[in-house]
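Read through the structure below, which is laid out as structure tokens, and then see the notes.
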Amino acid sequence: MVFRKTVAVGAGVLIALLANIVIVNFVYELGEQVYSLFLLLIAITLFSYDLPRFFNAVFRQVKTQPEIVNPLVSQPLKKLRVLFKGGFLLFFILFGFLTYSSWKSSNYPYPKESGIAHIRGLYNVDEFVLNSDTLAYSLTDSSRWQNVVFESWNTFSIKRKSDIKADLHKPRIIWQADSLRNFENIGNGGREFYRYTFAQVPDGRYQIRAINKRNAIQSFQFELQKSGENVLLLLGKNEQGESLQVKLRKINKEYLLDKGRRKPISIY
């Protein structure tokens, strides 16, 4: 797109890419309909100048000569033109490098703050004690947890009998503060997502405070202790002051996105 001789090629590639992006933005209402359509119209405008030659060469299959333009530019302007092109190319390379570095060093779109190390995974709730009352596994008891998922960042989610509906808000693919990043719970129903802070105490346990991402009134304060490689023990209280004793056992589940075909897949 920077050089006159390759503008048609660049514009053609952009049309092929942006046409799909515009359709997706309108169909899924991603919020960038106007901007993506604007870029597509610019690409079409640039390509339209060479459209007759493209049609003759590709569809009519006749010999087609490119349009040769030799603008009359004074010698001082020629030097200035080269300087501007070099500056733009340098800016493009520097901007691309900084953008890539920023992307590699962040966990976007998930929260940047790390969670407790080496506990990421899906856990079945083996034992659940509420106010000294042991509750058996149940699909109908709204108090009894069924399973828990710990992410590699500072988020965990709880599955239990509830009327939690899926969050139908569209994900915002823009920079957001950690407290506003909710990409992991967008579209998920039936689970409660909590953001937590933690501090490790000398005996290897973790003091944790967790707050519901959708309802700040719901919170937990508990101690987490590892018992072996696949077992976590939680001891604490919920927002009502009820005591909780929970034993979690990790389920050795393979995630296809992590495994990939030849190597792990990175979504962003």
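What FRET efficiency comes out for the pair residue 37/residue 70, r = Cβ-Cβ distance, R0 = 41 Å, nearest 0.05? Write out the running numbers ahead of the final one.
On the way: r = 34 Å, r/R0 = 0.84.
Result of the calculation: an efficiency of 0.75.
Once you've got the GNM for the chain with C-alpha springs shorter than 10 Å, pick whichever of 78, 112, 161 has the biggest mean-square fluctuation.
Sorting by GNM fluctuation, first place goes to 78.
Divide by every residue of the chain the summed helix terms, -39500 (n - 2.57) for each DSSP H run of at least 4, and state the resulting mean residue ellipticity at 222 nm, rounded to the nearest 500 deg cm²/dmol. Before the final figure, lay out each step's value.
Numbers: 5 runs with 78 residues, N = 268.
So the calculated ellipticity at 222 nm is -9500 deg cm²/dmol.
Each residue of the stretch 234-239 in order: what ³J(HN,Hα) in whole Hz does its phi give by Karplus 6.51 cos²θ - 1.76 cosθ + 1.60, θ = phi - 60°, with x for Gly and Pro?
Karplus values, whole Hz, x for Gly and Pro: 10, 9, x, 9, 9, 5.
Using a simple charge model, +1 on the beta-carbon of Lys and Arg, -1 on the beta-carbon of Asp and Glu, nothing else, what dipole does the stretch 165-257 show about its Cα centre, in debye to the nearest 20? If you can, show how the numbers build up before the last one.
Numbers: 16 positive and 10 negative charges, 49 e Å.
So the magnitude is around 240 debye.
Counting only the heavy atoms of the protein chains, how much of residue 227 is accessible to a 1.4 Å probe, in Å² to the nearest 10?
Its heavy atoms expose roughly 60 Å² to the probe.
Subtract the Cα-Cα distance of residue 94 and residue 107 from 0.36 nm times their separation in residues, and report this length gain in nm to one decimal. Can you show the working numbers first?
Working: separation 13, 0.36 × 13 = 4.68 nm, distance 2.17 nm.
Extra length available between residue 94 and residue 107 comes to 2.5 nm.
Any idea what the relative contact order of the stretch 96-180 is, in percent, if you count C-alpha pairs under 8 Å spaced at least 6 apart? Walk me through the numbers before you get to the answer.
On the way: 101 pairs, mean separation 24.8, N = 85.
So the answer I get is 29 percent.
On a full-extension model of 0.36 nm per residue, what is the gain between residue 253 and residue 81, subtracting their alpha-carbon distance, rounded to one decimal in nm?
Working it through step by step, the gained length comes to 56.0 nm.
State, as an integer percentage, the relative contact order of the stretch 1-112 based on alpha-carbon contacts under 8 Å between residues 6 or more apart.
Details: 46 pairs, mean separation 19.5, N = 112.
That works out to 17 percent.
Relative contact order (percent) for the chain, with alpha-carbon contacts under 8 angstrom and 6 or more residues of separation?
Once normalised by length, the contact order is 13 percent.
Among the helices of the chain (complete DSSP H runs), which have Cα atoms covering no less than 24 Å along the helix axis and a Kyte-Doolittle mean of at least 1.0?
7-28
Which one, 145, 94, 169, is farthest towards the positive end of the dipole of the stretch 63-204 when Lys and Arg carry +1 and Asp and Glu -1 on their Cβ?
Of the options given, the answer is 94.
Give the peptides 228-241, 208-221 in descending order of average Cβ contacts within 10 Å, highest first. Can you show the working numbers first?
Details: 228-241: 13.7, 208-221: 15.4.
In descending order of packing, they fall as 208-221, 228-241.
Let me know the Rg and Dmax you get for the chain when you use only its Cα atoms, in Å.
27.9, 90
The values are calculated or read from the model by the stated rules, or taken from the named source; none is laboratory data. Since we're looking at a predicted model, the values are computed, not measured. When we count neighbours, we look across all protein chains shown, and the Cβ atoms used for this are built from the backbone with ideal geometry, even at glycine. Heads up: the accessible areas ignore ligands, DNA and RNA and are worked out on the full protein's heavy atoms, side chains in. Shrake-Rupley method; radii C 1.70, N 1.55, O 1.52, S 1.80 Å.
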